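The values are calculated or read from the model by the stated rules, or taken from the named source; none is laboratory data. Because the structure is a prediction, the values reported are computed rather than measured. Neighbour counts are summed over all protein chains in view; Cβ atoms, including those assigned to glycine, are modelled from backbone coordinates with ideal geometry.
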Amino acid sequence: MRPENYQAVNHPPSNEYELNFGPNHPGIEGNYAFKVKLNGDRVLEARADGGYLHRGFEKLMEGRLWIQNIALVPRICVPDPVPMEVCYALAIEELCGLEVPERAQWIRVMQLEMSRVAAHLFAFGGHAATTGMYTPMFWGIADRDLILDRFEELTGGRVYHIYNIPGGVRRDLPEGYLGRLSGLLDYLESRLPDYDNLFFTNQVFVRRARDVGTMTQAQALKWGVTGPNLRATGLALDVRRDDPYLVYGRLEFDVPTEAGGDALARNLVRRSELQQSIHILRQVIDRLPEIDGPIRCPIPNPLAWNVPAGEAYTRVESSKGELAYYVVSTGGGKPYRVHVRGPSSMHAVQVLERLAVGSRLEDIAQIMFSLDACPPEVDR
Amino acid sequence: MDKNLNVWLDNLLQEIEGIKFRRKSTRRVRIDVAMDALPTLLELLQGRASYVHLSAITCVDWPDDGEFELVYHVWSYETQSLVSAHTRIPRDPGVYLSIYDLYEPAAFFERDIHEMFGVFFEGSPDMEKFILTEWDGPPPMRKEFDSEAFVNQQFEWQPYHPDWLKELEEEGGGVTTRPEDIRW
Amino acid sequence: MSGISYKSKGSILNPLKNLAFLGRGSVTEPLEPREASANYRGFHVNDWELCIGCSTCQKVCDNAAITMVKIPGLPEDPVKGVRNERPAIDYGRCCWCGLCVDICPTGSLALSREYVHTCREDELDSYFVLPDPNGIHGHYFPKGWDKSVDADLVDLERQPMTEMESGERIGSFAEIVAGYSDQQAIIEASRCVQCGMCHDSCPTHMHAPEYIRAIWEGNLDEAVRQIYRTNPFSHICGRVCTRRCETACSIGRRGDPVAIRWLKRYAMDSVSDERVREIAAEGKVDYLTGRKVAVIGAGPAGLTAAFDLVKKGHEVTVYEALEKAGGMTRYGIPEYRLPYDRLDADVAVITSLGVGIRYNTRVGRDVTMQQLQQEYDAVLIALGLQMGRSTRIPGSDHENVRRSVELLRMITEGEKFDIPDSAVVIGGGNVAMDIARSLARLQRQAYGEVRVTVVALEDFDHFLADPEEVKEAREEGVEILDSRGPKGCVIDGQGELQGLKTLGVLSIFDEKGRFAPSYDESDEQFHPGHMVIEAIGQMTDTALLGDKLTEQLEWNRGRLRVDEEGHTSVSWLWAAGDMVTGPDVVHAVADGHRVAASIDSTLAD
Amino acid sequence: MKDIKKIEIIQRPPPPEPARRTNPLARVFDELVRFCQSRSMFMLHYCTGCGAIELPPAMTSRFDMERLGIQPMVTPRQADILLVTGYVSVKTLKRIILTYEQMPSPKYVIGICSCTVNGGMYWQSYATAKVLKDYIPVDVYIAGCMPRPEAVISGLRALMEDIRTGRGDAWKKYYQNYDFYLGNQQRLFGEKWQTPTDVIAEAHHYGMMTDQTLGEHTDLLEQNEVPLDALRTRLKARTE
């Protein structure tokens, strides 16, 4: 019945053709798509097509109580949820003038770095898989799972922790937690040379990723690139150091950079950040037992909580880059406006569209994974 | 850092009229500026004061005032401070100038605001739909769009009627308060 | 630059590095689900014994996943603050954030470590779960995310109320409690979770959640409006209410209940009397029905009924035997608990609506019931309990053995009497405390020291008076002895009262639950006192009804029999207040509303 | 032309009775087929929502779903299982339906997370579809937000058990009640909603036509049918 309706598809006269790349594609991170125009396998033009993960977070948050939103925020970036929670909590704390107890601040830093390690392991696992190397993916994801185990022990949830609430955190550390975390760090540190051997210095990967999706320092600044992707162009810029929040000002850590600006450099920055995060976590483990005190300052009854009118712009360095929340309150029980600035909203749209031009079709996946673009942050 | 910033801001105040300036903390500055003066302000911020990174553009809807508030958050890597430039534009017709020439990341945010609020930015490279390509309703982030009412009208919910509930209903019990009855 | 040397070309022997992994064990977990961590957020469990059905979980749920389900057979008791409702969770909505657990006022709700549930499409009803202690599948799983001190979102501590120190307050009849400041009131109001248990338990069903919310929002006019929906005696109830609401308050399950009474007082005190009158007059009809109602007794019940009726357009006249309105609240409650000017303010609101009060007009003496019957369409008797009961122990007919009611009235009216240098009070209720503390004040003023002993039948575990009253009375130097029954008054040869002999109490009620105290004869004590005051209860003086009417009416063990709406067996006569319901202001108010509705509907017919 | 076609549809013969296997040997053969089927499944690699984050752990060495014979597969044409991992925005739902229709039968759908059941935590969102089973038939639901890998594996095992015992036949419902599903789809996507797959012809092919297959919504489908055309993407030249 249908074939009689078929019409011959008019092919364009040249080798140029258009292709829908994603959303159902293994080379796409998450649920995201590109429309690309190709000549052969050379990308002439790429156009991001988002919105597959759009849930209208910003609208939803306007309809919920301040505290109810703590359950909503981690969902904005699934692989790296903690910065979302912390950033939202920081914004409300700024609006309400809440003093977060020091212990809670250290616990937050600990989670942020754990989350960063987990997200980086996941990112390089994903990148490895698109390169056709499945062992690093298996390793990365299995080791990430060990961090999720520690998260589960601390927060009661594997992926969505819903652990940071305005004013502090919801639970104190379980008995002997830092010891187990320390053990995990030892293990992860012992794995780093394995990752290097298997992936980061593996010539299969190095040659595949080198000079793919290269951007210069000037381009990166112009395009609003942040985080590891910016540092991969040689700029040592990091919100943790430039705009310190929590107790990052009192921690000692390097901001690793690479000069290449390509997919390889971005991965190597992440690899170095793994090391730095472990270093930070060790400092937290050393200091945290000395800091006693509450883990949360008193907050009002959630059902009767009006946040004073005002606005706050809080920034946090997530594993993808600069994450920011702009929260406006008119003094009501619900936010008036929450704007989430996900780092990937730059990386996955404009940067990717530009980097893809001139590359080959199969490089799009490489570029996307090396940028560690997280579509839910874009779609929100 | 602070000193330089103050000197610079003094100069700035002389150049633009009708500017209100408030330092919220050491790294956060709020500037309120009229809608005509905003591009000039941003140009100065970028050109003379190293605010090269556009962190975000936020649109806030104030239907009671009949205005959209646009907030441009720009960050300086050198002075390590953030300036939030607030301006208000009339809600109707909701048209403003793009700052794409100054800050390229603006393209994404302007496109996003166009989709979500219906504000058109003249000179923006791309005002096509991105996220809401399959949405033909009103711009959803506007305050007058009631998402919950829309959802209740558009969708049906899973009708649960488990056995235990049937038993309770036979005994005279049953559902007393549905969640939608006491939306908080 | 990191030190990673990716530029080295590697070696052909690199794959041999794999050999290093030969000895490593597998990381693979067994196929069966692992046990989750100690505070895992899995499926809900709910301890039905603890749960009171307050529906706070439902309010905090961000996903509208919680439905309250009525379960017949579970206890339901508005007075204790228990509903027979339990939360049912929709796992098609739930996000396992655990906010419901953190806010649960009772701590009954928890998340277990169970996390596996799968079903087919036609079994989707299994996603709608009524959690009980057994978990979703009836298998025991240990609790995961549970109530903890850190995570508790309920503020268990009440805002402290500023009170006069005992040394300061004993010297005068000035009001002890200072009342909340604005900030205190807002913080205290913010503790409320709006469960409505207070509304259910209140005899007059005051809209406490609404006015507490209004106080929290700073909208005091609205608070007063909500208060006046059900209670025109709000200054009084804001001070001396028996506050069954606070007993029922769900926050009180684990902590201090919300100070509902003090909040009401705050709202009333913060709004000017003129504004209160305006708010109270809202909803008054702008016409007259031409019907006339007489109310006998200007106490809370009578005036509440008058308030309601006058708002409906009836003409109401109140007959009061004494020279001021308020009834027992004026003549029975000491001024340090209820300043008279606040009482006057409440009465003024009612009179401002057009209720006429004829003072010093005793029905039966100055005007007869027959006259009232002819003159009015309906008559309401709200006489109150103005006669003290006697213990009838030997010697109780001595002139220095007094009734508390009589003495309190004398104190209020400023009538002179010989203040005893030592006194014994029989009784363990709030009235006993009132008279003991009033006497203590008078003694302090007259002699500089306090010698008052209170003997009560009940032991301290079952004491009738409020704990605060007992505590404050003790601070003021009153000696309180529990489990002591009066045996007889001791009168010396000159006929002077010397004190009271009491016996230890074995039990108060017999096995059928009737009042029949039994005493331990061997445990006898003597309490010296030149005055003995009986504060064991009150009764009504119904003599004013006249013999003919008394015969027409139906009686039940000395009490007037009325139907549920306060209507007596005589068509034009209603009765309300303490004489029907027993002594309590808020009950009297509730009764006043009920009877006013009945009168109104009868008059409308 | 259209009218003629419509009449044609109405005159379609009633669906044939499903073939019955009376031969005991054949039944044994069926058992064997089902057994094999349940132990070799390809799961479509499509991360529709946030629950997909627990799939990599489930697939990889820690929880290792390969030991059940389940592997990710990149194309719908070779996939057996479609995992709908969490909320489905309306935009994604279109792709899910397209994908689902492209999958060869027998095919199985697993609805993961709260959101596929009753909207989940995005129940207020204007952008997400709420009840997945109104749009495509679902075989197994797995509760959680999101379910742990162990729960995912438990769900997959439940599915395997259903397939082995011959109960996993939700895919037949799509053909048997196509009008219902299409109606819901049309309600959400508009009357002009079309998919490139001719579900009605497939229903004929599988012998699954019932009186619920066709109805007012399929009529609408025929009315609005437009010839297939190459998808045009709107690309604009962009100057760098």
Checklist entry - Any residue in region C:4-15 that is away from chain D (no Cβ under 14 Å) and either part of a helix (DSSP H, G or I) or of a type in the set (Asp, Glu) (or both)? => result yes
Checklist outcome for this item: Among residues of region C:301-316 being among the β-branched types (Val, Ile, Thr) and touching a Gly at 6+ places or on another chain (Cβ under 6 Å), the residue farthest from C:Glu375 (Cα to Cα) is C:Thr304
Next on the checklist: Just to be sure before I move on: is C:Gly138 surrounded by fewer than 22 Cβ atoms within 10 Å (Cβ to Cβ) and part of a loop (DSSP other than H, G, I, E, B) in the structure I sent?
Outcome noted: yes
Item to check | D:Val117 being in contact (Cβ under 8 Å) with a residue 24 or more places away in the chain, farther than 14 Å from D:His45 by Cβ and part of a helix (DSSP H, G or I) | outcome: yes
Item to check | Matching option when the condition is on the phi > 0 side of the Ramachandran plot and surrounded by fewer than 23 Cβ atoms within 10 Å (Cβ to Cβ), among D:Gly69, D:Gly86, D:Gly144 | outcome: D:Gly69
Checklist entry - Do any helices (runs of 4 or more DSSP H) lying entirely in region C:153-210 carry at least 1 residues that are touching a Lys or Arg at 6+ places or on another chain (Cβ under 6 Å), and which ones are they? => result C:197-201
Checklist entry - Is one or more of the residues making up region C:420-434 over 24 Å from C:Leu503 (Cα atoms), touching a residue at least 40 places away in the same chain (Cβ under 8 Å), over 23 Å from the mean Cα position of the chain (by Cα) and not in a loop (DSSP other than H, G, I, E, B)? => result no
Checklist outcome for this item: Of the residues in region A:148-205, those that are more than 7 Å from every other protein chain (Cβ to nearest Cβ) and among the polar types (S, T, N, Q) number 5
Checklist entry - Hey, among C:Arg444, C:Arg402, which residue is in the same structural domain as C:Ile480 (by TED's automatic domain parsing) and over 11 Å from C:Ile533 (Cα atoms)? => result C:Arg444
Checklist outcome for this item: Residues in region C:101-125 that are free of Cβ contacts under 8 Å to residues at least 40 places away in the same chain and either in the same structural domain as C:Ala248 (by TED's automatic domain parsing) or not in a helix (DSSP H, G or I) (or both) total 3
Checklist entry - Is it fair to say B:Pro39 is at negative phi and either touching a Gly at 6+ places or on another chain (Cβ under 6 Å) or among the acidic types (Asp, Glu) (or both)? => result no
Checklist entry - Which residue pairs have Cβ atoms closer than 6 Å, lie 6 or more positions apart in sequence or on different chains, and pair a first residue in region B:133-145 that is on the phi < 0 side of the Ramachandran plot with a second residue that is acidic (Asp, Glu)? => result B:Arg142/B:Asp61; B:Lys143/B:Asp61
Next on the checklist: Tell me yes or no: at least one residue of region D:69-85 is within 11 Å of chain C (Cβ to nearest Cβ) and in contact (Cβ under 8 Å) with a residue 12 or more places away in the chain.
Outcome noted: no
Checklist entry - Within region C:123-133, is even one residue away from chain D (no Cβ under 13 Å) and over 20 Å from D:Ser114 (Cα atoms)? => result yes
Checklist entry - How many residues are over 21 Å from C:Glu375 (Cβ atoms) and either buried (at least 22 other Cβ atoms within 10 Å of the Cβ) or among the acidic types (Asp, Glu) (or both) when one looks only at region C:262-300? => result 17
Checklist entry - Would you call A:Asp254 surrounded by fewer than 23 Cβ atoms within 10 Å (Cβ to Cβ) and not aliphatic (A, V, I, L, M)? => result yes
Next on the checklist: So C:Tyr115 ticks every box in (1) away from chain B (no Cβ under 14 Å); (2) in contact with a helix residue (DSSP H, G or I) (Cβ under 8 Å, 6 or more places away or on another chain); (3) surrounded by fewer than 22 Cβ atoms within 10 Å (Cβ to Cβ) but one. Which box is left unticked?
Outcome noted: (3)
Next on the checklist: C:Ile350 - would you say it is at negative phi and not assigned by TED's automatic domain parsing to the domain that holds C:Val310?
Outcome noted: no
Checklist entry - Can you spot a residue in region C:63-72 that is part of a loop (DSSP other than H, G, I, E, B), polar (S, T, N, Q), touching a residue at least 60 places away in the same chain (Cβ under 8 Å) and within 7 Å of another protein chain (Cβ to nearest Cβ)? => result no
Next on the checklist: Based on this model, can you work out whether C:Gly98 counts as more than 12 Å from chain D (Cβ to nearest Cβ), at positive phi and in contact (Cβ under 8 Å) with a residue 12 or more places away in the chain?
Outcome noted: no
Item to check | Residue ID - farthest from the chain's Cα centre (by Cα), chosen from residues in region A:22-35 that are among the hydrophobic types (A, V, I, L, M, F, W, C) and buried (at least 24 other Cβ atoms within 10 Å of the Cβ) | outcome: A:Phe34
Next on the checklist: Looking at C:Arg337, C:Arg402, can you tell me which residue is out of contact with any Asp or Glu (no Cβ under 6 Å at 6 or more places or on another chain), part of a loop (DSSP other than H, G, I, E, B), surrounded by 16 or more Cβ atoms within 10 Å (Cβ to Cβ) and in contact (Cβ under 8 Å) with a residue 24 or more places away in the chain?
Outcome noted: C:Arg337
Item to check | region D:127-172 - residue that is part of a loop (DSSP other than H, G, I, E, B), of a type in the set (Gly, Ala, Ser) and farther than 18 Å from C:Glu32 by Cβ and, of those, farthest from the other protein chains (Cβ to nearest Cβ) | outcome: D:Gly166
Next on the checklist: Out of the strands (runs of 3 or more DSSP E) lying entirely within region A:12-71, which hold 1 or more residues that are under 25 Å from A:Thr131 (Cα atoms), more than 8 Å from every other protein chain (Cβ to nearest Cβ) and of a type in the set (Lys, Arg)?
Outcome noted: A:42-49
Next on the checklist: I need a count of the residues in region A:332-362 that are surrounded by fewer than 24 Cβ atoms within 10 Å (Cβ to Cβ) and away from chain B (no Cβ under 14 Å).
Outcome noted: 6
Checklist outcome for this item: Scanning region A:72-104 for residues that are surrounded by fewer than 23 Cβ atoms within 10 Å (Cβ to Cβ) and at the interface with another protein chain (Cβ under 10 Å from one of its Cβ atoms) gives A:Glu94
Item to check | Only one of C:Val258, C:Val318 that is among the aliphatic types (A, V, I, L, M), at pLDDT 85 or above and outside the structural domain of C:Gln183 (by TED's automatic domain parsing) | outcome: C:Val318
